[in-house]
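The values are calculated or read from the model by the stated rules, or taken from the named source; none is laboratory data. Because the structure is a prediction, the values reported are computed rather than measured. Every residue, glycine as well, gets a Cβ built from its backbone with ideal geometry; the counts of neighbours run over all protein chains shown. Heavy atoms of the whole protein, side chains included, go into the accessibility calculation; ligands, DNA and RNA do not. Shrake-Rupley method; radii C 1.70, N 1.55, O 1.52, S 1.80 Å.
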Amino acid sequence: MRQRLFTPHGPSLGAVGLGCMGMSWGYAESSRDDAESAAVISAALDAGISMIDTADIYGDGHNETVVAQGIKGRRDEVFLATKCGLVVDDLPRKQMHRDGSPRHIAEAVRASLTRLDVDNIDLLYLHRVDPAVPLEDTFGAMALLVEQGLVKYLGLSEVTVWQAGAANAIHPVSAVQSELSLWTRDALGSATDSHGASPAASPPGAGASVSGDVVGWCRANGAAFVPFAPLGRGFLTGAVSDGVFEDGDFRATNPRFARHALTQNQRIVDVVTEVAHSIGATPAQVSIAWTLACGDHVIPIPGTRKLTHLSDNAGAADIVLNAEALRALGEVPETVGSRY
């Protein structure tokens, strides 16, 4: 698999990572299979994937135990990323609250280390900024974990350019994880970012967002940008078209997956499918390759719990979209429906 540097002075990683959330919650939970999921994680390492992404919130700790099974005996092959800062209140309803207090951060990370069965975490994200706790307190507590040798790198999830800069002043931000795909381009901001970050070398068609040009901020500050849901939660593969999901599936109540929105958003899938046919790839590979084209510092983490999908996703790392393909993808219609 093609490699990419995780920060200018960091390790070389597979250009595509693996997001593990769906192995525990969010999508079609009735078909969850821990043994199969662990096998997918192990196969991902075989395929050259380095970054394995989880979080303590996924299944209220369940996902970290599944990851532990998948990486058992192979710790040296894994760039292990997890997250802290959210607390489950009601697991079946997926109700949660933010807790960025230093005490919670310390307790949460030690619990993650136990579930993951490792001595340290390569990349620890603050899952969401807690508005009730000063960012310097939260990120300062995370920096202390680096000093203690429990964590190697720190990151942020779903933040604005301003928040990334504020955290970076406390301790180097090595990665920012946010949603980015052909139907979610908020993190690309605009060409004239008001926060002063250099513009991202993004394909045409990127729109502005209140988050600012987070992808460009990462490039300018030597941080990796890690897109989650690069497949549009399955939609961009063409496999989701009827809007019918089981109870508890995140997409069942998501505005973008409502029947009327799906009908209009199908135009995006049509373009992706046409490009895929023209270059001899799959729609999933084209969608992931598009995120890779947003910058050499971008490492997408498509999620799957199926071996066949894993092989497809990993193959995207070696696809380089030509100018014609990028132009076509950059002109896809605007997405109908909010992402939450």
From the list ALA143, ALA169, exactly one residue is free of Cβ contacts under 8 Å to residues at least 24 places away in the same chain and more than 20 Å from ILE299 (Cα to Cα). Which is it?
ALA169
Evaluation of ASN120 against (1) under 27 Å from CYS294 (Cβ atoms); (2) among the polar types (S, T, N, Q); (3) open to solvent by 20 Å² or more (accessible area, probe 1.4 Å) (one fails), failing number
(1)
Suppose we filter PHE257, PHE235, PHE225, PHE250 for residues that are of a type in the set (Phe, Trp, Tyr) and open to solvent by 20 Å² or more (accessible area, probe 1.4 Å); which single one remains?
PHE250
Starting from residues that are of a type in the set (S, T, N, Q) and within 14 Å of TRP183 (Cα to Cα), keep the ones in segment 288-340 and report whichever is modelled with the lowest pLDDT.
SER338
Please work out which one of (1) under 30 Å from SER42 (Cβ atoms); (2) of a type in the set (A, V, I, L, M); (3) crowded, with 20+ Cβ neighbours inside 10 Å is the condition VAL146 fails and give its number.
(3)
Members of segment 212-232 that are in a loop (DSSP other than H, G, I, E, B) and either at pLDDT 95 or above or in contact with a strand residue (DSSP E or B) (Cβ under 7 Å, 6 or more places away or on another chain) (or both)
ASP213, ASN221, GLY222, ALA223, ALA229, PRO230, LEU231, GLY232
Show me the strands (runs of 3 or more DSSP E) found entirely inside segment 1-107 where at least 2 residues are over 17 Å from ARG128 (Cα atoms) and not acidic (Asp, Glu).
3-5, 12-14, 51-53, 79-84
Exactly one of THR192, THR184 is β-branched (Val, Ile, Thr), modelled with pLDDT of 50 or more and more than 19 Å from VAL129 (Cα to Cα), and that residue is THR184
Specify which of the listed residues (SER101, SER37, SER24, SER50) is open to solvent by 20 Å² or more (accessible area, probe 1.4 Å) and of a type in the set (S, T, N, Q).
SER101
Scan of segment 195-211 for residues that are small (Gly, Ala, Ser) and either modelled with pLDDT under 50 or open to solvent by 50 Å² or more (accessible area, probe 1.4 Å) (or both), ordered by number
GLY196, ALA197, SER198, ALA200, ALA201, SER202, GLY205, ALA206, GLY207, ALA208, SER209
If we keep only residues of segment 301-334 that are farther than 18 Å from VAL269 by Cα and assigned to a loop (DSSP other than H, G, I, E, B), then the residue most open to solvent (accessible area, probe 1.4 Å) is VAL320
Output the residue which, of all residues in segment 252-300 that are assigned to a loop (DSSP other than H, G, I, E, B) and over 22 Å from GLU334 (Cβ atoms), is nearest to the chain's Cα centre (by Cα).
ILE299
